[in-house]
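The values are calculated or read from the model by the stated rules, or taken from the named source; none is laboratory data. All figures in this text were calculated on a predicted structure; none of them were measured in a lab. Backbone-built Cβ (ideal geometry, glycine too); neighbour counts: all protein chains shown. With ligands, DNA and RNA removed, areas are computed over all heavy atoms of the protein, side chains included. Shrake-Rupley method; radii C 1.70, N 1.55, O 1.52, S 1.80 Å.
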Amino acid sequence: MVSMQDIADKAGVSRVTVSRVLSNHPSVKAETRKKVLYWVKELEYEPNIIAQSLAGSSTNVIGLLVPEIAYPFFSEIIEAVENQAFYEGYNVIICNTRRSQEKEKNILTELKKRKVDGIIAVPVSATQTVAYQRLQIPTVMITKRTEGFSSVYISHYASGQQMARHFLNIGFQKIGYIGPTRDSTSSIKYAGFQSYLAEHQISLTDVIECPAPANMNASQVHTKVREYAATTGLRCEAYLANDDITACEAIAAFRELGFSVPKDIAIAGFDNSLLAKEISPKLTALAQPLEEIGKKAVEVLLAQIHDNVPPQMYELESRVIVRESTIHFIPA
């Protein structure tokens, strides 16, 4: 089967250019368009008829589902997806699921009515995906590995291990964790963090169990951390927080009790969103490649739309960004 890449190779242009020609993007020069269309005809290229027939006709519109638009982590992914989609000649409908499967289902129904060409989603659940399966629309899942769908994500298990390695390299021995331990990606992250410490004969000193913030209002996290620390005192030298917002709330709670970060206790976050760079002290965090996730998701989705490419998994690399919240602490 002839693919868009075959057309690109023959025409001496990029696959992106071929995609733009096929979607009638106005930025393509007339001479380039003519050359691409020549090879489309010469090689008898046939686009993904199945996907196009399901949509009725190409709309050059993509649906993007995220749990919370205002959440810094997701807003950065939204920007990356929208920028790349626009570059490819597509518009994006941004939808907020609020982590509700019922709302997610209703959104998908509406997107199908609007005849979107494809969907990029942070699914509410990585295992309960029947609503997506029934759509029969090209779909790419992001931030979560989701069986049966192309997925762009990081290994949360390996990332948890990376954070544990960072703590041990500094010399911490009394280490804790703040966040959920049983929720999907959070539980995987927590398992990786805990297992790496165990491999080096370190047991977690504290686990402050609290839910991941549903939005920017993370008062429940703040309350849990403050109550715990007020009752038990400062038992740890360092804590890994489930995400950057949790880390920020933990820092605020410890400060209210008179503890200084990083002088008295070190805190690290997860995601490396804008918050990590703006808070004082600046937050050490596990960095997910948010821009790369967004760009890759669009690239993979367009390959499905145009070439009927089967689902594939794309695990991207993460890394620890070291900042003030851990590096100034000197273990006793």
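Here are the numbers for this structure:
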quantity	calculated
Helix axis angle, 30-42 relative to the chain longest principal axis, alpha carbon, degrees	70
Carbon and sulfur %, accessible surface of the chain computed with the full protein complex present, 1.4 Å	49
Max mean-square fluctuation residue, GNM over the chain, Cα-Cα springs under 10 Å, options ALA266, ALA297, ALA230	ALA230
Rounded tilt (10° steps) of 156-170 against the dominant C-alpha axis of the chain	40
Segments 162-169, 235-242 sorted - mean Cβ within 10 Å per residue, highest first	235-242, 162-169
Extension reserve of the ILE94-ARG33 stretch, reckoned as 0.36 nm per residue once the Cα distance is removed	18.9 nm
Per residue, in Å², the accessible surface of segment 122-264 once ligands and nucleic acids are set aside, probe 1.4 Å	41
Segment 276-307 residues near the modelled ARG319 label - backbone nitrogen below 13 Å, point 7 Å along Cα→Cβ	286-290
Fully extended contour minus Cα-Cα distance, from SER187 to GLU147, at 0.36 nm per residue	12.6 nm
Angle between the chain longest axis and helix 290-307 axis [Cα atoms, degrees, rounded to 10]	30
